[in-house]
Each structure stands twice: as structure tokens, then as C-alpha cells.
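Report on the structure given below.
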Amino acid sequence: MFTWVDFAEDDRRKMSDVIALFSEKDTRDELGLGGIRDTFADLLFPSTSTIQTRARYFLFIPWIYQELERRRTLPADIERLARRDEIRLIHALEDGGETDGIIGTLAQDKLARLPSSIYWAGLGRLGVRRFAGSQEQYHREFTAFYPASGRRLVAEDEQSAESASWSSSLPPSPSGVLERTTFTLDKREAKYLAERIWEFGPTVYGELLSSSDAEFDSDFVWETTFAAKLGPSLKSQIAHAQNFSELMHGAALLYNFMLACDANRKRLQDEYRDELRTWAELVEDARARYVSWDRKRFWAIVSESMHAVSPPTRKFVDRWIDHTLRSAKLADIADDPTAQSIITAREAQVKRTRKRLGNVRALERWNEASGAGQIDYRWFRVKTIANDIRQGLG
């Protein structure tokens, strides 16, 4: 069972992502590749996370808090009353006819992770939230954000006291939003969110909102026709992300094949062997692209990011890719002792005493798919949120 400790805000966001993903069997980071994955996810789709669901939550949260500021809610009461209103939002969305993307629709008033905590970091990155501290700090300092409290935000544009916590250009809350509402953005709301995203500069996320022919039915952003029409810089970012995702997918599949062998589960062995052969065909078809990949530039991008990637992680990735591209019989990689030794060493490095390979007790708890899915850089979530905004823009 997880309990919250006093993390910094970014650490708290990362832990929320990890906990949420535990129930999604294909997405866990079993081989310690999360820092690289998040580097490119943030580059392609800034302000997003794996546990965001719909775009209008970026407005619901500040609307709830703005009303509590207007009512001059006491710091001792703010957590309880904000929670009450976020639970009311669940019912308001259900009464509005929404079914997809409601946070808490199953847990209802027992909801442990509120939308405000899920979106807090993203609200800050978008500039919707102007207060720079954690949600807990915001609650403690709540009296400073009352209207006409005299508090001023130090900034070049000399924003008024009312914008000390939230963006002064935030669209107004619709009447009765906590009684009955939907995820549909009106044009003003969609334009506001799009402009926040465009302020990041050229990003794939921003181009998704600008493009008239972006599509959202693919499994990966590089499979879209939209991606092929991007400029050289954004195309290069996607190419780096694609190459890493495709090549390292083989490592994840081999890891699960080895677990299936250790657990003596014949059906799974056959399934993962077949998946590895399919992966090998993809690699063979794209071998020229991988061989010409500028990995020096790839690692430069990773090193410039805020995500820590250790030298052992870099060594593992390079060793796996080098071996993959040198292999004369990639279709038989399931039985390749060198490839297996690379995976065995990496699992021991990442998991230490929690490793599964050769550990009967740990194998008994194995859910049959430990991070076997291919990295998509949050595309599964992003395409829904981007589509919400696109629909609102008209």
C-alpha cells in the first residue's frame, strides 16, 4: 500500500503517475527507461501526464478554487470544501451525460486522488496556475488569495491581486457548473487552452491543435499522416522518440518471454515468442533507418532534459540497440544468450532484491505482462485531450 510523504511537487506528480499505471499491465517501467520516455513525452506533449483524462479539467479546477477564494474560505476548511466540490463535479458530469474520462466515477465520495492533484503540475506548466508552490502550500496560504487582499504578484505586467493564484485571462466559470456540466469546451475556453499550449513554442502538441487534418485514431503519433507534414525540427523529435520506442520494445518483450520461461507458462512463452518475431520483422524492415539514427544527438536531447538518466541506463540502452542491429538472426532473439544476459543484468541492476528472474516467490506474483507494451509517450491520453480542444476551436 502506498502512503504520501512530503515529496516536492514534481516528485508527487511522478509518484501519482506510477501508482495509476500499476493497474495498466502493459505500461509499467520495468527496465528503468522512464527518464528517457518522459524526456520525449514532455518534449512532444508538454503539460500532459499519463493520468489526465479530459481537457476541461484544466478549467474546472481553477473555477472551483476561484469560487472558494471569492467566498474567503478559511485555510482550515479549504481542503475539505475543495474536496466536496470536486466530488460534486463527478455528479455534475454524470448528470450532464458524460461517461468517458470522469475522474472518480467509480470511487465517488471515496475518491483518493482528486482531479486537482492530478492536474496541479500541468496547470502550472500551462500558466493557468500562477502560484508556484504545491497544492498544500496553496491551501496553507489561502487567505493571501482573497479578492482585494492586497497581495500582488511580482511580474512585469503587474497583474492585479485577483490573478495572484490563477491566470487573469481564465474564461469565467459557467453558471451552475457544479450542478450539471459536460466536457465540451466552448470556443473561448478552447482558444484559451490552445493559446497556453502554443506559448510553449513549436511543439507537436501545439501543431496538433493548429492542423486542420490531424487525426486521433492511431496508436502512435508517428503513424499519423499529420506527423509527416511537420517541419524538420518536430519531425526529428518524433523520429528519435519512434526509434527508441520501437527498438526498446524488443527488450520489454524478451524480458516477459524470459519470465514466462522461468514461470513455466507455455502459453505465454508461445505468445511472447510470436510477438518477438513480429518485432524482429519490424526491425529488419526499418534497419536502414535505425543504422543511420543519430544517437549522439538523441543522447544530447536526453541530457538537456530535467529527467535524470543514469550512465548505467545509457549503457543498457546502447548495448541493447547495438546487439539488436548486429544480430544476424533477429527472429531467433528469444533464444539468444547474449540478449538474455543483457536483460538479466539490467533487471538485477534496476530491481536488485525485487528481481523476478530466478525468484520463485516473485514469479508467483507476476501478472503475465510486465511493461510489455510499446512506449507511446502519453499519446493515448494526449489524443483525447487534444481532440477536446480541437472540437472546441471548431
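A few comments on the model shown:
- Any hit, the stretch 253-260, residues being assigned to a helix (DSSP H, G or I) and free of Cβ contacts under 8 Å to residues at least 40 places away in the same chain: no
- Meets criteria (assigned by TED's automatic domain parsing to the domain that holds His139 and closer than 19 Å to Phe183 by Cα) for Asp109: no
- Verdict on Glu86 being at pLDDT 95 or above and surrounded by fewer than 20 Cβ atoms within 10 Å (Cβ to Cβ): no
- Taking the stretch 89-106 as the range and being in a loop (DSSP other than H, G, I, E, B) and either buried (at least 18 other Cβ atoms within 10 Å of the Cβ) or assigned by TED's automatic domain parsing to the domain that holds Asp42 (or both) as the test, the residues that pass are Glu98, Gly101, Ile102, Ile103, Gly104.
- Test: residue in the stretch 220-232 that is touching a residue at least 40 places away in the same chain (Cβ under 8 Å) and among the aromatic types (Phe, Trp, Tyr): yes
- Within the stretch 360-392, tally of residues that are surrounded by 15 or more Cβ atoms within 10 Å (Cβ to Cβ) and either free of Cβ contacts under 8 Å to residues at least 60 places away in the same chain or not in a loop (DSSP other than H, G, I, E, B) (or both): 14
- Restricting the stretch 45-88 to residues that are part of a helix (DSSP H, G or I) and among the aromatic types (Phe, Trp, Tyr), the residue that is farthest from Phe145 (Cα to Cα) is Tyr57.
- Some residue of the stretch 215-230 being part of a helix (DSSP H, G or I), aromatic (Phe, Trp, Tyr) and over 30 Å from Arg356 (Cβ atoms): yes
The values are calculated or read from the model by the stated rules, or taken from the named source; none is laboratory data. Just so we're clear, the structure is a prediction, and the values are computed from it rather than from any experiment. Here the Cβ is made from the backbone with ideal geometry for all residues, glycine too, and neighbour counts use every protein chain on show.
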